[in-house]
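J.: To start, I am sharing the structure in question, which I have written as structure tokens.
The values are calculated or read from the model by the stated rules, or taken from the named source; none is laboratory data. Given the structure is predicted, the values throughout are model-derived calculations rather than measurements. In this analysis, Cβ positions are derived from the backbone assuming ideal geometry, glycine residues included, and neighbour counts consider all displayed protein chains. Areas reflect the complete protein model, heavy atoms only, side chains present, ligands, DNA and RNA absent. Shrake-Rupley method; radii C 1.70, N 1.55, O 1.52, S 1.80 Å.
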Amino acid sequence: MQKNIFYIVFLFFCISISACKKENAHIGFEENIKIRMSESIDGVKRTLHLKCFTEKLFECFNFGIETTHTITDNKITVNFIKVIKSSLCSTAGGPAQTTIQLSSLSNNTYDIEFNFGTSMVRGLFNITTNSFIATLPPQPKVQFENPYLKRVP
């Protein structure tokens, strides 16, 4: 009898541990994105942070988003590649997320482009001495939560 209880407890333990682990797999990027802007200053270096997160909530809070970005004299391009599952699941649900850090941006009006594989959203990103202003056409794929952000004095 004790031997059977031991096997049942051992089996329950193995199942509960494996339920928390997730494969390190990738999901194709089909999600809508929300963006929250913030600025930080470290000495004389200013950095604009674009915290990007999916509108969809996933079963694990610690899913990430793989991205790349480039900055030229008059254009900022952000490529959303895929949602990345973690090898361990933080069991509270939440959006997949990443933070894109843009340093040394000069006061200028930039074209901004968000790429999602075959789809693209284009807009304008105006940087002045006092503010950051993101302007996108009406569409569901990318939304700024705070399209107007005052700069840190």
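J.: Kindly write out, for the range 81-89 in residue order, the coupling ³J(HN,Hα) from the Karplus curve 6.51 cos²θ - 1.76 cosθ + 1.60 (θ = phi - 60°), rounded to whole Hz, with x marking Gly and Pro.
T.: So the Karplus estimates, Gly and Pro as x, are 9, 6, 8, 10, 7, 7, 6, 10, 9 Hz.
J.: Still on this model: May I ask you to compute the full-extension gain from Thr70 to Asn126, defined as 0.36 nm times their residue separation minus their alpha-carbon distance, rounded to one decimal in nm? All intermediate terms of the calculation are to be shown ahead of the outcome.
T.: On the way: separation 56, 0.36 × 56 = 20.16 nm, distance 1.65 nm.
Here the segment from Thr70 to Asn126 would lengthen by 18.5 nm.
J.: For the range 62-153, with only Lys/Arg (+1) and Asp/Glu (-1) charged at the beta-carbon, what is the dipole magnitude about the Cα centre, in debye rounded to 20? List each step's numbers first, then the result.
T.: Values: 7 positive and 5 negative charges, 25 e Å.
In debye, rounded to 20, the range 62-153 gives about 120.
J.: Ok, one more. At 4 °C and 1.567 mPa s, grab the translational diffusion coefficient of the range 40-153 from Stokes-Einstein with a Kirkwood Rh over Cα pairs, rounded to a whole number in µm² per second. Mind dumping the intermediate values first?
T.: Values: Rh = 15.4 Å.
Roughly 84 µm²/s, to the nearest whole number.
J.: Oh, and also: What order do Thr91, Thr54, Thr67, Thr72 take when sorted by accessible area (1.4 Å probe), most exposed first? Spell out each step's value before the answer.
T.: Working: Thr91 100, Thr54 5, Thr67 35, Thr72 75 Å².
Descending order: Thr91, Thr72, Thr67, Thr54.
J.: So, by mean Cβ neighbours within 10 angstrom, what's the order for 59-65, 132-138 with the highest one leading?
T.: Ranking the peptides 59-65, 132-138 by packing returns 59-65, 132-138.
J.: Considering only Cα-Cα distances, which of the following residue pairs are longer than 23 Å: Lys56/Lys150; Lys85/Lys150; Lys85/Lys141?
T.: Values: Lys56/Lys150 28 Å; Lys85/Lys150 34 Å; Lys85/Lys141 21 Å.
Pairs exceeding the cut-off: Lys56/Lys150; Lys85/Lys150.
J.: Calculate one ³J(HN,Hα) per residue across the range 146-152 by plugging θ = phi - 60° into the Karplus curve 6.51 cos²θ - 1.76 cosθ + 1.60, and present them in order as whole Hz with x for glycine and proline.
T.: In residue order, the calculated couplings are 10, x, 10, 10, 6, 7, 5 Hz.
J.: I need the calculated FRET efficiency for the pair Ile81 and Glu39, taking r as the beta carbon distance and R₀ as 22 Å, to the nearest 0.05. Intermediate results must be reported in sequence, preceding the final value.
T.: Working: r = 25 Å, r/R0 = 1.15.
Rounded to the nearest 0.05, the efficiency is 0.30.
J.: Separate question: Can you pull the accessible area of Ile84 for me, 1.4 Å probe, Å² to the nearest 10?
T.: Ile84 has an accessible surface of roughly 50 Å² with all protein chains in place.
J.: Of all accessible surface on the range 25-105 at a 1.4 Å probe, what whole percent is carbon and sulfur?
T.: Working: 2010 of 4140 Å².
Summing carbon and sulfur atoms, their accessible area is 49 percent of the total for the range 25-105.
J.: Next question. If you count the DSSP beta bridges with both ends in the range 72-138, what percent of them are antiparallel, to the nearest 5?
T.: Numbers: 13 of 18 bridges.
If we restrict to bridges inside the range 72-138, about 70 percent are antiparallel.
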